[in-house]
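Single-structure report; data block below.
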Amino acid sequence: MAALEEEFTLSSVVLSAGPEGLLGVEQSDKTDQFLVTDSGRTVILYKVSDQKPLGSWSVKQGQIITCPAVCNFQTREYIVVHDNKVLRIWNNEDVNLDKVFKATLSAEVYRILSVQGTEPLVLFKEGAVRGLEALLADPQQKIETVISDEEVIKWTKFFIVFRHPVLIFITEKHGNYFAYVQMFNSRILTKYTLLLGQDENSVIESFTASVDRKFISLMSLSSDGCIYETLIPIRPTDPEKNQTLVRSLLLKAVVSGNTRNGVALTALDQDHIAVLGSPQAASKECLSVWNIKFQTLQTSKELPQGTSGQLWYYGENLFMLHGKSLTVIPYKCEVSSLAGALGKLKHGQDPGTHVMPRFVNWETPQGCGLGFQNSEQSRRILRRRKIEVSLQPEVPPSKQLLSTIMEDSEKHIEVEVRKFLALKQTPDFHTVIGDTVTGLLERCKAEPSFYPRNCLVQLIQTHVLSYSLCPDLMEIALIKKDVQLLQLCLQQFPDIPESVTCACLKIFLSIGDDSLQETDVSMESVFDYSNSVHDEKMEEQTEILQNGFSPEEDKCSNCDQELNKKPQDETKESTSCPVVPKRAALLNAILHSAYSETFLLPHLKDIPAQHITLFLKYLYFLYLKCSENATMTLPGINPPTLNQIMDWICLLLDANFTVVVMMPEAKRLLINLYKLVKSQISVYSELNKIEVSFRELQKLNQEKNNRGLYSIEVLELF
Amino acid sequence: MGEFKVHRVRFFNYVPSGIRCVAYNNQSNRLAVSRTDGTVEVYNLSANYFQEKFFPGHESRATEALCWAEGQRLFSAGLNGEIMEYDLQALNIKYAVDVFGGPIWSMAVSPSGSQLLVGCEDGSVKLFQITPDKIQFERNFDRQKSRILSLSWHPSGTHIAAGSIDYISVFDVKSGSAIHKMIVDRQHMGVSKRKCIVWGVAFLSDGTVISVDSAGKVQFWDSATGTLVKSHLIANADVQSIAVAEQEDSFVVGTAEGTVFHFQLVPVTSNSSEKQWVRTKPFQHHTHDVRTVAHSPTALISGGTDTHLVIRPLMEKVEVKNYDAALRKITFPHRRLISCSKKRQLLLFQFAHHLELWRLGSTVATGKNGDTLPLSKNADHLLHLKTKGPENIICSCISPCGSWIAYSTVSRFFLYRLNYEHDNISLKRVSKMPPFLRCALQILFSEDSTKLFVASNQGALHIVQLSGGSFKHLHAFQPQSGTVEAMCLLAVSSDGNWLAASGTSAGVHVYNVKQLKLHCTVPAYNFPVTAMAIAPNTNNLVIAHSDQQVFEYSIPDKQYTDWSRTVQKQGFHHLWLQRDTPITHISFHPKRPMHILLHDAYMFCIIDKSLPLPNDKTLLYNPFPPTNESDVVRRRTAHAFKISKIYKPLLFMDLLDERTLVAVERPLDDIIAQLPPPIKKKKFGT
């Protein structure tokens, strides 16, 4: 549940904020410290938890800062631009901005953008972008003009998407808005035109954006008080063409249209946004947090002294100018839990808790283990310092493994994993396996070519993994169509969600026979049916000869006639397996998996009709095989049980009945199925009668035990 | 081992009466239980929950309150308007004092144990001073409008809380005036009931008064301000009883739905000093109203209309997880209600106010183990003998020859002579009982039916010679000087020479009947005797104690037999010691001197002294016959205890002749069928 905590002001010193408020609030290299640039001459470094400034730097009288100071995370230096063209770079030790590094550029800078993990970018007012290093190598280099005349940059943001920096900036020209997306690995600049829809005359007041896997979700707050969302693809389909983007309404009438001081919004996380503005025309300004998924207002806070219409969000803090002072409102969005909803007592957690590892090892007491490790480490450090060896220090094999995963080749990783697994199981075995898989999967995601299949198979076979520990594993396997891995997961994981089971089923049904041949799936659950086909045929024929049993005597004689046309086909169809053994093995894995009907049914509806028919045919075949012997079981080591087969037939028919009924090729199958079920029902009704007689017998037996008030019995003691 | 024809008797239509009050005594770890027919029983919780003493009931005496005072003194008060004190040594009522306030509904003893407070029908609360040999009326408190149904003292003894109809009063003990009147809400599940009866109150030392009422509420009141602090609605029916632990950190309430709820004082959050009462555990061990509850330091005790006494140990208070940590449900009395005439195959059943005489049937058929044989003659109900007067029967006995029946109430002793002429039976009462034969605690006939042994409540044992239709008092063994302890168990040897008598706590005395003198006293043992018998020929006295130990004592040698010493050296099988009902009857096989037959409520056992004793590793109870095991295996696994658990609950089992046993069972379902219907509860799906 999203919640705003108690606000606090950063300093009692009144900032020299102009009518437009502050120039900016930016992160510094330490999580708790932020650079605040006012609209005059000063940059102040604040430590939020202490609520006090750590340092303050000003440019000379007459100069004016035009671009908020940012931190270069790679060098831990601060960068600021004054008088549009003069770049200053300094660090914490510097006192006077006049004496620090200075570079005069040839064009006016709009903003310097810096995020963790990459070099800062400089965005010029004409739309050109340069990396800081390249720019400093030749400060006077020529800066090209990207955007047209009278086009003004309104807003910009810098992301890292799949380790690649992506820059987006929005420009405005005569009430039209354009979005530029610059990819830095490919140097592609894509221009989009934002279509405003019906509200042509509305003005966009504020922007924010968040990044999904494939899209930049650009949210804009319009002057009509509504929030719109525009999805901008990260990888453009056709970069040359000028593309248009349509925005869709996300939230209606969040703030009143005509506010005095302007409004602002910022995305907090995937589902939450913060909006600054007054909800109604007359009322005071508010900071409100909305859940865009459910379109609900989560919380709001009144700001009676008015704001500058600016809002920044870093870490877990919202920054804004409230009245004359910079105010910080911590924002928390805790995962709501049932325990929380039921009012379970929250245990006071001491603030200095260290971060717990993601995988908890239940076999070793947590506290002791940590303590031991720490002392070990410190001792090691001491020793290292003493000896001053440049050799790699001795690290536990698990750590070594993790570092290997991050860097080495697939082959090497495989060897390392095998080495680790061959070791005696250490007490932290579970945690290491969990960390290893997460590490591998993270790398898989980042590097599409990286897919350490054999390692993953080995790790799954340790029996310590489950779906919830590494949901990405099956996702990646699904993308790669790795049926062997999927089968293994289905066999090993106890907690696969129905949607994933269904996705596996889709792949198992759709994958081509030729590609199946190459795979190495476990054939344990499949019995070689082919050799029994012959006997089966014989048996059936003799049966018909002996007692003259003909199912044609049923009421649906007209259906039977149709069937009789191809009696040869029918026997063939029912006695030979409709799928190749490898696919049968995969489908058996599905049959064995656990599921909940309610959650499975909707996903089953998505499977194409011909695949449904194929699966039904296979199930029908299994059912026939089952009913061949008295125990109603299939041969083999771990075959599907009759109940599993029946349940899946019911599920498939339930989910796709209308579709299957309409398909001509499924008709025969359905009729066969119907006839079989009917004959089975008649058998069972006979069994039912027998059961009743037996029950009577048991009742008689019970009556014998229940004696009256008096009896004489024989007792023998041994 | 032996094949028997067993007369399996289920027509003993015995229904125990419901439990009305329980009172726990922390000093002696004893529990007093009163039943709706006025019977009061004392259980020794230290001696394996054995029912040590009992006081017979009385029709006009419905006990409504029971309490221990001044340590070991037991008082009761009832609807006849009297306070009674029980003599726990002589097992009779010491005195009864009329309080002149109409029926008494409640009684509470002061924390010091020296004062007794009773609440009466007329709304008066009366204070009595307990003097060493009596009680003395001291004064009345302010009279209330309606009957006082519950009373509780503040632990300091300065205030009391009294529950009445629709309100609770708080009295100042010094002045005797009511300082607060707290009105209880009549609303019951949104419906206004006619009256709200405060069934129980408890005064805690912090001034909190806890009340339970007929609207199903448990309420907490502040006695200083007279305000309601908290209310728990816990039942759809009446909450009828409450008991608080001595430490005041937990209490227990019982409802008319048969549920017992445990409330505990627990911290609001972990490591916070602020505590609140929380309903922690519900227990459903009863089917009917839980009329009374008690809270011992380690267990919750409850009893009610369904006649079970339930002792539920609190697992967090039990230090050792031994057999005491198990739930106990006591339903049947730990004494014998049935006697049997072996010669005529008669059974005499003792009820509260009448006796029944039955003749067993017969069969000519034979069969193998487990067979039910066809009856050639069914069992006959020969006699239904009603007592005169309101008093319950204490004990009864039929002579082995079947021609004498004797029974006793508190004030009279009755002896009847039976004459059998073909199928007719005639009964003649022997009149003119001597004055010393007034109240018998135990009656026994000698094997040849010529002598009658009577244990009187004065501690004396009388020997009476029976001949023809008359009797002659032979001798009285007077108790040893200084003791007045009543004897409640008797055993006589088959040759009639030895008489063994056991009291409630002291050892077993053996008298020589020929020489009319005390022969010896069996060494004292910590646990009370539950059954004893003298073996024929050898005259070995076999004694069963409540801790499930069995001793064999040779009367002629005045010492324990070798077998008994061996048993004690090796110890009994742990499963034997873990049985939770006492052995109530011991008998012997006339032709097999090595066999001892004994039974408790759930098993019947023949101990073959010639076989090795089982150790803890061997299987004690093996219900399956040896099928195709080789003789070697059988011999190796055979041990002295031959147990049968076919008959249960077993109230009586005896050997009629060499090949015939009689077993009297009383199935619990038959008892439940005779109880009033319980409160109907809606169950899902019905």
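The values are calculated or read from the model by the stated rules, or taken from the named source; none is laboratory data. The model shown is predicted, which means the values in this text are computed figures rather than measured ones. All Cβ positions, glycine included, derive from the backbone under ideal geometry; neighbour counts span all protein chains shown. Just the protein is used for accessible areas: all its heavy atoms, side chains included, with ligands, DNA and RNA removed. Shrake-Rupley method; radii C 1.70, N 1.55, O 1.52, S 1.80 Å.
What the table shows:
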| read-out | value |
| --- | --- |
| Long pairs among A:K678/B:K683; B:K368/B:K648; A:K191/A:K506; B:K5/B:K569, criterion Cα-Cα beyond 27 Å | A:K678/B:K683; A:K191/A:K506; B:K5/B:K569 |
| The protein assembly as shown shape via C-alpha gyration tensor axes, a/c threshold 1.5 | prolate |
| Ranked by how many other beta carbons lie within 10 Å on average, peptides B:208-220, B:69-81, B:553-565, B:422-434 from highest | B:208-220, B:69-81, B:553-565, B:422-434 |
| Within 10 Å of each Cβ in B:3-10, the average number of Cβ atoms from other chains | 5 |
| Per-residue average of Cβ from other chains inside 10 Å of B:353-363 | 1 |
| Average beta carbon contacts from partner chains per residue of B:372-378, 10 Å cutoff | 3 |
| Total charge dipole magnitude, region B:19-330, about the Cα centre, Cβ charges on Lys, Arg, Asp, Glu only, Debye to nearest 20 | 440 |
| Lysine pair number, Cα distance threshold 23 Å (strictly under), region A:1-159, separation 8 or more or different chains | 17 |
| With every protein chain in place, region B:19-330: carbon and sulfur % of accessible area (1.4 Å) | 49 |
| Shape of region A:397-496, Cα gyration tensor, a/c cut at 1.5 | oblate |
| Projected-area average for region A:18-139 over all orientations - Cα convex hull basis, square nanometres | 7.6 |
| Over region B:94-241 - Rg/Rh using Cα atoms and the Kirkwood inverse-distance radius | 0.98 |
| Qualifying GluC sites (Glu not before Pro) in region B:214-258, DSSP loop, other Cβ atoms within 10 Å at most 13 | B:E246 |
| Mean separation of Cα contacts under 8 Å, 6 or more apart, over the residue count of region B:152-269: relative contact order % | 16 |
| Region A:81-197 - charge dipole about Cα centre, Lys and Arg +1 at Cβ, Asp and Glu -1, debye rounded to 20 | 280 |
| Carbon plus sulfur fraction of accessible area for region A:587-662, probe 1.4 Å, in percent | 60 |
| Efficiency of FRET between B:T287 and A:S49 - r from beta-carbon atoms, R0 60 angstrom, step 0.05 | 0.40 |
| Residue-normalised accessible area of the protein assembly as shown, given per residue in Å² at a 1.4 Å probe | 48 |
| Distance from region B:522-601 to region A:650-673 (C-alpha centre basis), Å | 78 |
| Between region A:400-419 and region B:229-300, the Cα center-to-center distance that results, in Å | 62 |
| Area hidden from solvent between A and B (accessible, protein heavy atoms only, 1.4 Å, total, Å²) | 2400 |
| Between region A:482-530 and region B:115-155, the alpha-carbon center distance in angstrom | 83 |
| Ordering of A:451-460, A:410-419 by packing [mean C-beta count within 10 Å, highest first] | A:451-460, A:410-419 |
| Percentage relative contact order, chain B, counting C-alpha pairs under 8 Å, at least six apart | 8 |
| The protein assembly as shown, helix-only ellipticity at 222 nm - DSSP H runs n ≥ 4, -39,500 (n - 2.57), divided by all residues, nearest 500 | -6500 deg cm²/dmol |
| Computed over region B:507-572: relative contact order in percent, which uses C-alpha pairs under 8 Å that are six or more apart | 20 |
| Candidate lysines for bridging to B:K275, where Cα separation is under 22 Å - those fewer than 8 sequence places away on the same chain excluded | A:K344, A:K346, B:K217, B:K230, B:K317 |
| Cα-based shape type of region A:260-320, given that a ≥ b ≥ c are square roots of the gyration tensor eigenvalues and the cut on a/c is 1.5 | oblate |
| Most to least packed among B:142-151, B:46-55, A:101-110, B:380-389 [average Cβ atoms within 10 Å] | B:46-55, B:142-151, A:101-110, B:380-389 |
| Whole-Hz couplings from phi, Karplus 6.51/-1.76/1.60, listed for region B:534-549; x for Gly and Pro | 10, 6, x, 6, 7, 6, 8, 8, 9, 10, 10, 10, 5, 8, 6, 7 |
